Each structure stands twice: as C-alpha cells, then as structure tokens.
1. Being of a type outside the set (D, E, K, R), open to solvent by 70 Å² or more (accessible area, probe 1.4 Å) and farther than 29 Å from residue 314 by Cα narrows it down to one of 155, 166, so name that one.
2. Give the residue that is least open to solvent (accessible area, probe 1.4 Å), with candidates limited to residues of region 15-29 that are β-branched (Val, Ile, Thr) and in contact with a helix residue (DSSP H, G or I) (Cβ under 7 Å, 6 or more places away or on another chain).
3. Taking interchain pairs and intrachain pairs at least six residues apart, which have beta carbon atoms under 6 angstrom, with the first residue in region 306-329 and farther than 16 Å from residue 180 by Cα and the second surrounded by fewer than 22 Cβ atoms within 10 Å (Cβ to Cβ) and among the small types (Gly, Ala, Ser)?
4. Give the number of residues within region 1-25 that are under 18 Å from residue 259 (Cβ atoms) and either in contact (Cβ under 8 Å) with a residue 60 or more places away in the chain or of a type in the set (S, T, N, Q) (or both).
5. Checking residue 12 against (1) of a type outside the set (Lys, Arg); (2) modelled with pLDDT of 80 or more; (3) over 22 Å from the mean Cα position of the chain (by Cα); (4) open to solvent by 60 Å² or more (accessible area, probe 1.4 Å), which test does it fail?
6. Can you give me the number of residues within region 193-205 that are open to solvent by 50 Å² or more (accessible area, probe 1.4 Å) and either in contact (Cβ under 8 Å) with a residue 24 or more places away in the chain or closer than 24 Å to residue 241 by Cβ (or both)?
Amino acid sequence: MTPTLTYFRWPFIFTATGLVLAYVLGYQTTGTVAGAMSFFLLGCILAVLEISLSFDNAIVNANILKTMEPKWQHRFLTWGIIIAVFGMRIIFPLVVVVVAANIGPISAVVLAATDPQEYARIMDDAHIGISAFGGTFLMMVALSYFLDQSKEVDWIRVIEARLRTWASIRGLEIGVVLFAAVMISVALPPEDSATFLFSAVCGLLTFLAVELVAHFLDAEQEVHTAAAKGGFGAFLYLEVLDASFSFDGVIGAFALTQNLFLIAIGLGIGAFYVRSMTIMLVERDTLTEFRYLEHGAFYSVLALSVIMYMKSLWHVPELITGLIGAAFIVVSLISSIQYNKRNQIA
C-alpha cells in the first residue's frame, strides 16, 4: 500500500512554493515585513478554508472517479487540477467582473491589481446569482443520490428509505429544487428576485445538460466496448461539480482579502490537497471500507446547497459551512467504523 505521505508530496511542494509567493506578494504590496507576514498567514487560512469546504468534494469525486476508465481518471487528475486551480480560482472571478462591470478581461486584471476593493465589491454584488447557480446544481447532485431506487445501503434509514420509495416519482428532485428556488426568490427584494430565479434555472439546466451529454457520450462508448466505463461525460460532470463546490470558497475568500492573486494562491493550495485526497480514496478503495462515508459526503453537499441558498438572504460565516460539512463526514466515518466492528464480531 502506498504510504499516506506519498499522496501529499506535490501538495506539500505547492504549499511551500505558494506560501513563499504569498510572502513575496505581501512584501511587494505593502513594503513591510509585517504586511508580508499578514499575506503569508492569510494564504494559510485560505488553504485551510478550501480544504474544510471541499473534503466532501473529494469523496464525491472519488465515488464517480472509481467508475471511470483509467485514461479518463488520469485526465481528470491532471487536466482537472489545472482547470480547478487556474480556471475556478483565477479565470472565474475575472469572468464575473468582466460580465458584471461590462469591461474587458485585461481591464478586469488591471482592476484586480490596482483597485482590489472595487473588484471585491463587484464580486460581492454578484453573489446572488452565484449562490443560486451553485446551490441549485449541488442540490440536484445530492437529491439525485438519495432519490435512487437502485441505492442499496442506508445510513439514516428513516430518511433514506423513505426517499428511495419516492424515487419512482418522475422529476421529483427537479420539483423540489424549483420550489426551493421560487421560495427564496419570493423572499428576496424585487431587484434580486429575478436574478436569483434566472441563475437557479441556469444551474438546473446545466445539471440536466451535463447529465444528457454524459448519457449519450458514455452510451456511445458502450456500443464500442462492453467493458467501457465513464468517459468524457463523467469527466464533464466532475468538472462542473468541482466548479459548483468552488463557488462558495471563492466568494468566501473575498471576505478575508480582496487580493485576487493571494486568493488564487491560498485556494490553489487547498485544491491540490483535495486532488490528493481524491486519489487516495480511489486507490485505497476507502468508500468500500467505510460504507457510510459516501452518505455523509452527500448529506454535506445537500447542506452546502441549502446554505448557498440561505446566503442570498443572510450572511452565513464560512466557518459554519465548513463545520457542518465536517460534522457529517466525521459522524458518517464513526458510524462506518462501528458497523465494521459489529460485522467483525458477528
């Protein structure tokens, strides 16, 4: 078995490099050692924030990744990390500002470098649409997992067994998500209501589109080989899923600092650890060893989606979000260990 520390070799290297860059960036920005140290510490905090918010992401990724062809696993773990670090942590915030402020990409970069407060304000103004889109996509992911007639293992049986019996109702998860989106939009001020509802519908359509693409592409692979597993469709699904998880971390990071480049460093460090955790979970088949860990991750995803919706109405500290997700993971892990002990005794 591969030693645990071996999985985290590259994250350790990236952590050291990233924190040095954060220190240098802080010194160049403030011109003082104290300022440089503040950037260094913020980089550490942002990395921990990303890891705490994304551990459930690693478990969900591993659940899907284990069904994919080896070449697509490799592509996700190489190209995927590039998209995760540079696409979601750098390009995404720039695109938001480009659209919201109606300026060019170069102007957005200049704005981030010269006027980070204004840049952060624009990002904050866009949080309604981002929360609606990401929350809707993640809610569909979680409900699709629980509303599944083929699901055989229950953790919280009183809830999951009932949800499984409702799985035969076509489009139930879509109806639930749309109802939640309408309720939130009604509670919002008129100027935000339309934005929230439109973004939520876009998130729903994106989920359905990715599911449709995955179905057709992977079905085509099965025609060519009976042994084919998840391919490009699953890869695309994972990328959109990872992006949805990233929304909360990116928006939350702007509450700590307005420096886009420091955010990219801190969240990038966290993304590398999530990637390594995903690889470890797949190679060690941890989800099979701990039967309820996957359930805890999807409960965490459902909680995150609800919190993203709630953030449209109230401020919810990222610490609370991270603790709720971690609580589901820890309790499901403990339940899995207890089950294994009982099974061994039997």
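The values are calculated or read from the model by the stated rules, or taken from the named source; none is laboratory data. No experiment lies behind these values; they were computed from the predicted model shown. Glycine gets a Cβ as well: all are built from the backbone with ideal geometry, and neighbour counts include every protein chain shown. Heads up: the accessible areas ignore ligands, DNA and RNA and are worked out on the full protein's heavy atoms, side chains in. Shrake-Rupley method; radii C 1.70, N 1.55, O 1.52, S 1.80 Å.
1. That would be 166, the only listed residue that is of a type outside the set (D, E, K, R), open to solvent by 70 Å² or more (accessible area, probe 1.4 Å) and farther than 29 Å from residue 314 by Cα.
2. 15
3. Between residues of region 306-329 that are farther than 16 Å from residue 180 by Cα and residues that are surrounded by fewer than 22 Cβ atoms within 10 Å (Cβ to Cβ) and among the small types (Gly, Ala, Ser), the close pairs are 322/52; 324/303.
4. Going through region 1-25, the residues under 18 Å from residue 259 (Cβ atoms) turn out to be 17-25.
Then keep just the ones that are either in contact (Cβ under 8 Å) with a residue 60 or more places away in the chain or of a type in the set (S, T, N, Q) (or both); that gives 17-19, 21-22, 25.
Count: 6.
5. (3)
6. 5
Residue by residue, here is whether (1) outside any loop (DSSP other than H, G, I, E, B); (2) more than 20 Å from residue 134 (Cβ to Cβ) holds:
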site	(1), (2)
273	yes, yes
294	yes, yes
306	yes, no
309	yes, no
312	no, no
329	yes, no
343	yes, yes
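Matching residues to (1) in contact with a helix residue (DSSP H, G or I) (Cβ under 8 Å, 6 or more places away or on another chain); (2) under 27 Å from residue 301 (Cβ atoms); (3) of a type outside the set (Phe, Trp, Tyr); (4) surrounded by fewer than 14 Cβ atoms within 10 Å (Cβ to Cβ):
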residue: 58; (1), (2), (3), (4): yes, yes, yes, no
residue: 64; (1), (2), (3), (4): yes, yes, yes, no
residue: 70; (1), (2), (3), (4): no, yes, yes, yes
residue: 74; (1), (2), (3), (4): no, yes, yes, yes
residue: 83; (1), (2), (3), (4): yes, yes, yes, no
residue: 92; (1), (2), (3), (4): yes, yes, no, no
residue: 96; (1), (2), (3), (4): yes, yes, yes, no
residue: 103; (1), (2), (3), (4): yes, no, yes, no
residue: 119; (1), (2), (3), (4): yes, no, no, no
